[in-house]
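Heads up: the structure comes next, in structure tokens.
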Amino acid sequence: MRDLARLLALAVGLVLATPAMADNTGLDRLTLRSDLLGWEAVGRLDLDGGFCTGVLVAPDLVLTAAHCLTEAKAVGRVDQMRFRAGLRDGEAVAEAVVARAVMHPDYVPGDGVSAGNIRYDVGLVQLAAPIPAAVAAPFLVETLPRAGAPVSVVSYARGRAEAPARQAVCTVQGRHSGLLAFDCDVTFGASGAPVFDLTGQRARIVSLVSSGGTGASGRVAYGMELPARVAELKHALRTGAGVFPQTGFSARRVTIGERDGTGARFVRP
């Protein structure tokens, strides 16, 4: 973690925007159906014994963190995974089981929270049935416009697993070699949560929460630049490279527990 901290501290020093940073807002629970309008494509990705946050980037494709998929890949099955779009207090606007998934090939589960892993901590889940855009409209993935820009995060997490919470404004603290740092409020379960740029007519995804915690200067979350990673994962789904489950593949079930430290890992109830 020391190498990662030095790298991101250097990035902050090099690329912070000169204008004053926007003041962070707190977390708002999206309790009412009206609160959820426009954010229905963000949902809880239920795993075998835990959950992460995911977001629709196509009617049948959910973007999430690669580390959320490590256990499913280890056992070669996805039948315990379900995406619940706009879930709040037991009611989802739509939900679907998972048909197959893929992790970025450059993500290395055994390396834990490292600069290299954060850069590639991206996975795609293909649903068994598409969720209509009229119900939950997918978001576009784009490049972050600039360091210092205000962003927004919508996530599920420990202590707020039953409804999404939105931080309307947090700030990009730095970017370097495909890595991004934010001062956003994240914790366990927020892994895979979309980081949105709000400067256009509709929010666009510019990063995913990979890990985070509390540092000397307060809250910090780490993510990655997305467009190239998402394009590579869509290509993998088309070609079948690294996709699981694979026909005829079997493996014994293993249990992977939470890690200590600042990683915004998936949550086990």
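The values are calculated or read from the model by the stated rules, or taken from the named source; none is laboratory data. For clarity, every value in this text was computed on a predicted model and none was experimentally measured. Positions of Cβ are backbone-derived with ideal geometry, glycine not excepted, and every protein chain shown enters the neighbour counts.
Some observations on this one:
- Those strands (runs of 3 or more DSSP E) of the stretch 133-223 in which 3 or more residues are surrounded by 18 or more Cβ atoms within 10 Å (Cβ to Cβ) and not aliphatic (A, V, I, L, M) occupy 150-157, 160-176, 194-197.
- The residue pairs whose first member lies in the stretch 189-205 and is closer than 15 Å to L63 by Cα, whose second member is among the acidic types (D, E), and whose beta carbons are closer than 9 Å, counting only pairs six or more residues apart or on different chains, are S191/D121; G192/D121; R204/E142; R204/D197; I205/E142; I205/D197.
- Residue match in the stretch 195-206 (condition: of a type in the set (S, T, N, Q) and touching a Leu at 6+ places or on another chain (Cβ under 9 Å)): no
- Filter result (assigned to a strand (DSSP E or B), in contact with a Gly (Cβ under 9 Å, 6 or more places away or on another chain) and of a type in the set (A, V, I, L, M, F, W, C)) within the stretch 39-73: V42, L45, F51, C52, V55, L56, V62, L63
- Restricting the stretch 144-158 to residues that are under 18 Å from C68 (Cβ atoms) and of a type outside the set (D, E, K, R), the residue that is modelled with the lowest pLDDT is A157.
- Selection count where residues are in contact with a Gly (Cβ under 8 Å, 6 or more places away or on another chain) and either in contact (Cβ under 8 Å) with a residue 60 or more places away in the chain or not in a loop (DSSP other than H, G, I, E, B) (or both), scope the stretch 74-104: 11
- Only listed residue being touching a strand residue (DSSP E or B) at 6+ places or on another chain (Cβ under 9 Å), more than 29 Å from D28 (Cα to Cα) and hydrophobic (A, V, I, L, M, F, W, C), chosen from A168, A128, A161: A128
- Filtered by the rule that a residue be in contact with a Phe, Trp or Tyr (Cβ under 7 Å, 6 or more places away or on another chain) and acidic (D, E), the stretch 115-166 gives a lone residue, D121.
- Filtered residue count, the stretch 110-129, keeping only those that are within 16 Å of V97 (Cβ to Cβ) and crowded, with 16+ Cβ neighbours inside 10 Å: 4
- Taking residues in the stretch 46-73 that are closer than 19 Å to A157 by Cβ and among the aromatic types (F, W, Y), and partners anywhere that are modelled with pLDDT under 95 and not in a loop (DSSP other than H, G, I, E, B), the pairs with Cβ atoms closer than 6 Å and at least 6 places apart or on different chains are F51/V267.
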